[in-house]
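Colleague: One structure, pasted below without further comment.
No lab work stands behind these numbers, since they all come straight from the coordinates. The model shown is predicted, which means the values in this text are computed figures rather than measured ones. Methodologically, a virtual Cβ is constructed for each residue, glycine included, from the backbone with ideal geometry; neighbour enumeration extends over all protein chains shown.
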Amino acid sequence: MLLAFAACLGLAGCGGGAKTLDAKALQKQAEEVESLATEGSLLAGDVAEGDTTSVFVRVHGDALGENAQKVLAKLAPDKAKPESGLAQKLDRASALARSVRADLAKLAESPSSQAAASLRGRLEHEAEEAKSLADSL
Amino acid sequence: MKRIFGLALGILAAIGGFVDIGDIVFNTAAGATFGYGLLWVVVLGVGGIITYSEMCGRVAAVSKRPVFDAVRERMGLSTGLVALIAAQLVNLMTLAAEVGGIALVLQLLSGLPYRALIMLAVIALTVVIWVLPFSWIERVFGYCGLCLLVFAVGALKLHPDWGEVAKGFVPHVNTTSPLVYGYFAVGLLGAAMTPYEVYFYSSGAIEEGWSPKDLGLNKANAMIGYGLGGFLSFALMITAGALFLPLGINPELLGTVALGAEVPLGQIGLILALVGTLFAVGGAAIDTCFSGAYNLAQFLGWEWGKYRTNAGAPRFTITWLVLLALGFCIVMTGIDPVMLTEYAVIFSAVALPFTYIPILLTANDRTYMGRYVNGRVANTLGLFYMLVILFIAVTAIPLMVITHMGQG
């Protein structure tokens, strides 16, 4: 069992260098960006309406931002080599992930209600863009 | 009042066993991926754990023998040793994950650094286990864990499609992604029937000095306690199905689960969800810590039990202290507690037969059980669930590998 566990961890952690990124893998990353942006927009909505705590927003916003950073790292040129015809979509996914990460970072800084409402709108828009990107793949 | 407190063992076992960090995330992820389509699997799992907990509680009350006594006797020393090692490894993985889970929840409540909170969590657990009597541990963690009922209120406020919810209780297989569906089904069953629950439950029955006159309490504990655990699982899955699935949110963080209570209920929902999770995960940490110490002590024939005081059972006490220290070291490496629990659930599914076969055999042995031996209903259910257990033991790891832990 210990060996099986170690093997599983090994499998999960292996894979250095650039990997070929196919449409399915890119779609998965776009869906991840959509998920993070949507969740960020929910959280921003709660900040705007005073329905949450500042500590929760800071800690959870940071955690979501870290996940956006992980997506960004997976899409980086040294990690992902797109299949032909996907380069533009990969760039679009990276730009969206970067933008979502930046908005989540702002959210984690306990914004005012007004700023939170504006972030909510931005994150909703980014989620829609990520969804349309994922649907196009 | 005494009767209500008497149910605390089942409630702690259920809250700590059924609703640990892995279950909280697993049920939420299942709801966010398949909506209400896996509710029937929770029902199946609840039936299984009630069947076998009732059996091992009855064995403990009648023969005064906890589960690991039966494991060693029925499986022999060498196979029993394999079962012990497997059980201890899964226990340790789960304990480490729960300690990490406590720190994550404390961080969401306080904003303090994660690693400092891991240390605080281990110190707090050590003090609680050392100082509090068994009955108070049950009560504090069991009843405070009931704050998780906030998810049931949240689920109602989200106005799910109750027709679809009802369809989720009818056994079926999702045909669009059957392997991922299978992975979640196996994981939910493995989590529901995870072995440390029955180790803790049967040893707890001996700690509380159950006798045949407590068999009614045993049934009530198993049915109400695990029934409640199942109800909380439904609430988590329905919340996720109603809120996260339509929005395309993939819940990977404990904070996302809490958001499921915050969105419909606001700040109070968030705080109750976090407090409930803290006590549920804390209860699970104590369950696994005790289970590890019970298993080793029972296998090696040491004095064991919280009722003997810490000095009265020194090797038992040292064992749980060492397990806590090991759990602390594992989680301090930075491993993700949620991922660790998912591995623990899948590996515990593989180890299930080692635990449940000896229980079934002992509960059928008239030499030990006398007139309290399994009846026709207990045996029919026991055999049915044995087939289920064997199936998930064989399929758990292949499904984990093929589906990349449910990611497709």
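Colleague: Fewest to most neighbouring Cβ within 10 Å: what's the order for B:Met93, B:Met55, B:Met339?
Modeller: Details: B:Met93 24, B:Met55 27, B:Met339 17.
Placing the least packed residue first, the sequence is B:Met339, B:Met93, B:Met55.
Colleague: Let me ask another. Subtract the Cα-Cα distance of B:Val322 and B:Leu300 from 0.36 nm times their separation in residues, and report this length gain in nm to one decimal. Walk me through the intermediate numbers first.
Modeller: Values: separation 22, 0.36 × 22 = 7.92 nm, distance 1.65 nm.
Roughly 6.3 nm would be gained on extension.
Colleague: In Å³ and rounded to a whole number, note down the convex hull volume per residue for the Cα atoms of region B:21-126.
Modeller: Numbers: hull volume 17.1 nm³, N = 106.
Each residue corresponds to 161 Å³ of Cα convex hull volume.
Colleague: Please report, in debye to the nearest 20, how large the charge dipole of region B:175-306 is about its Cα centre when each Lys and Arg carries +1 at its beta carbon and each Asp and Glu carries -1 there. Write down the numbers at each step before the final one.
Modeller: Values: 3 positive and 8 negative charges, 41 e Å.
Here the size comes out at about 200 debye.
Colleague: To the nearest 20 debye, what is the magnitude of the charge dipole of the protein assembly as shown about its Cα centre, counting +1 on the Cβ of each Lys and Arg and -1 on the Cβ of each Asp and Glu? Mind showing how you got there, number by number?
Modeller: Working: 35 positive and 40 negative charges, 288 e Å.
Dipole size: approximately 1380 debye.
Colleague: Out of A:Leu119, A:Leu42, A:Leu90, any idea which swings most in a Gaussian network model of chain A, alpha carbons joined below 10 Å?
Modeller: Greatest mean-square fluctuation among the candidates belongs to A:Leu42.
Colleague: So, one more: Hey, what number do you get for chain B at 222 nm if only DSSP H runs of n ≥ 4 count, each worth -39500 (n - 2.57), divided across all residues, to the nearest 500? Mind showing how you got there, number by number?
Modeller: Working: 18 runs with 323 residues, N = 408.
Estimated from H runs of four or more residues: -27000 deg cm²/dmol.
Colleague: By how many nm would the segment from B:Leu81 to B:Ser177 grow when fully extended, if each residue of separation counts as 0.36 nm and the alpha-carbon distance is taken off?
Modeller: On the way: separation 96, 0.36 × 96 = 34.56 nm, distance 3.86 nm.
Extra length available between B:Leu81 and B:Ser177 comes to 30.7 nm.
Colleague: From other protein chains only, count the Cβ atoms within 10 Å of every residue's Cβ in B:24-34, then give the mean. Mind dumping the intermediate values first?
Modeller: Values: counts 0, 0, 0, 0, 0, 0, 0, 0, 1, 0, 0.
Whole-number average of other-chain Cβ neighbours for B:24-34 is 0.
Colleague: Work from the charge dipole of the protein assembly as shown (Cβ charges, +1 for Lys and Arg, -1 for Asp and Glu, about the Cα centre) and give the residue of B:Gly406, B:Ile392, B:Pro178 farthest towards its positive end.
Modeller: B:Ile392
Colleague: In debye, nearest 20: dipole of chain B around its Cα centre with unit charges on the Cβ of K, R (+) and D, E (-)?
Modeller: On the way: 19 positive and 20 negative charges, 211 e Å.
Dipole about the Cα centre, nearest 20: 1020 debye.
Colleague: Separate question: Determine, for B:Cys144, B:Cys56, the number of other Cβ atoms within 10 Å of each Cβ, and report the residues in order from fewest to most.
Modeller: Numbers: B:Cys144 17, B:Cys56 29.
Least crowded to most crowded, the residues run B:Cys144, B:Cys56.
Colleague: Which whole-number percent gives the relative contact order of region A:9-137, counting Cα pairs below 8 Å spaced six or more residues apart?
Modeller: The value is 45 percent.
Colleague: Which net charge results for the neighbourhood of B:Gln267, defined as the other residues with beta-carbon distances under 12 angstrom from its beta-carbon, given Lys and Arg at +1 and Asp and Glu at -1? Working shown, then result.
Modeller: Working: positive: none; negative: A:Asp46, A:Glu49, A:Asp51, B:Glu262.
So the environment of B:Gln267 carries a net charge of -4.
Colleague: Figure the gain on full extension for B:His159 and B:Leu383 (residue separation times 0.36 nm, minus the Cα-Cα span) and round it to one decimal in nm. Don't skip to the answer; put the middle values down first.
Modeller: Numbers: separation 224, 0.36 × 224 = 80.64 nm, distance 3.88 nm.
So the chain would gain 76.8 nm between B:His159 and B:Leu383.
Colleague: Next question. At what distance in nm do the modelled label points of B:Trp130 and B:Ile335 sit from each other, each positioned 7 Å from its Cα along Cα→Cβ?
Modeller: The modelled label-to-label distance comes out at 2.6 nm.
Colleague: Let me ask something else about it. Could you give the semi-axes, largest first, of the ellipsoid that matches chain B, computed as the square roots of 5 times the alpha carbon gyration tensor eigenvalues and rounded to whole Å?
Modeller: Values: eigenvalues 187, 121, 79 Å².
Semi-axes from the Cα gyration tensor: 31, 25, 20 Å.
Colleague: Roughly how far apart, in whole Å, are the Cα centres of region B:225-259 and region A:48-82?
Modeller: With region B:225-259 and region A:48-82 each reduced to a Cα centre, they are spaced 21 Å.
Colleague: Among B:Val71, B:Phe328, B:Leu108, whose Cα sits farthest toward the positive end of the charge dipole of the protein assembly as shown (+1 at Cβ of Lys/Arg, -1 at Cβ of Asp/Glu, about the Cα centre)?
Modeller: B:Val71
Colleague: If you fit an axis through the alpha-carbon atoms of helix A:54-75 and take the longest principal axis of the Cα set of chain A, what angle between them do you get, 0 to 90°, nearest 10?
Modeller: Taking the Cα atoms of chain A, the angle to A:54-75 is about 30 degrees.
Colleague: Quick one: B:Val122, B:Val127, fewest Cβ neighbours within 10 Å first, how do they rank? Kindly include the intermediate steps, with their values, before the conclusion.
Modeller: Details: B:Val122 21, B:Val127 10.
Neighbour counts put them in this order, fewest first: B:Val127, B:Val122.
Colleague: Same structure, new question: Per residue Cα convex hull volume for the protein assembly as shown, in cubic angstrom?
Modeller: Considering the Cα atoms of the protein assembly as shown, their hull volume per residue is 138 Å³.
Colleague: Here is a follow-up. Under a cut-off of 25 Å between alpha-carbon atoms, report the lysines in cross-link reach of A:Lys24, not counting same-chain residues fewer than 8 places apart.
Modeller: A:Lys70, A:Lys74, A:Lys79, A:Lys81, A:Lys89, A:Lys131
Colleague: Please find, in a Gaussian network model of chain B (springs between Cα atoms separated by less than 10 Å), the residue of B:Ser63, B:Ser233, B:Ser78 whose mean-square fluctuation is greatest.
Modeller: Looking only at B:Ser63, B:Ser233, B:Ser78, the largest GNM fluctuation is found for B:Ser78.
Colleague: Moving on to the next point. As a test of understanding, state the convex hull volume per residue of region B:265-338 from its alpha carbons, in Å³. All intermediate terms of the calculation are to be shown ahead of the outcome.
Modeller: Values: hull volume 9.0 nm³, N = 74.
Value for region B:265-338: 121 Å³ per residue.
Colleague: Let me ask another. Starting from the Cα of A:Gln69, step 7 Å toward the Cβ, then list every residue of region A:82-97 with an amide N under 18 Å from that point.
Modeller: A:94-97
Colleague: State whether region B:129-258 is rounded, prolate or oblate according to the following rule on the C-alpha gyration tensor (a ≥ b ≥ c being the square roots of its eigenvalues): a/c under 1.5 gives rounded; otherwise a/b larger than b/c gives prolate, and the remaining case gives oblate. It would help to have the intermediate numbers written out before the result.
Modeller: Values: a/c = 2.18, a/b = 1.80, b/c = 1.21.
Since a/c reaches 1.5 and a/b is larger than b/c, the shape of region B:129-258 is classed as prolate.
Colleague: Tell me the label-point distance for the pair B:Leu146, B:Met119, using the 7 Å Cα-to-Cβ offset, in nm and rounded to one decimal.
Modeller: 3.7 nm
Colleague: Residues with beta-carbon under 14 Å from that of B:Phe184, excluding B:Phe184: net charge, scoring Lys, Arg +1 and Asp, Glu -1?
Modeller: On the way: positive: none; negative: B:Asp23, B:Glu342.
Counting the neighbours of B:Phe184, the net charge comes to -2.
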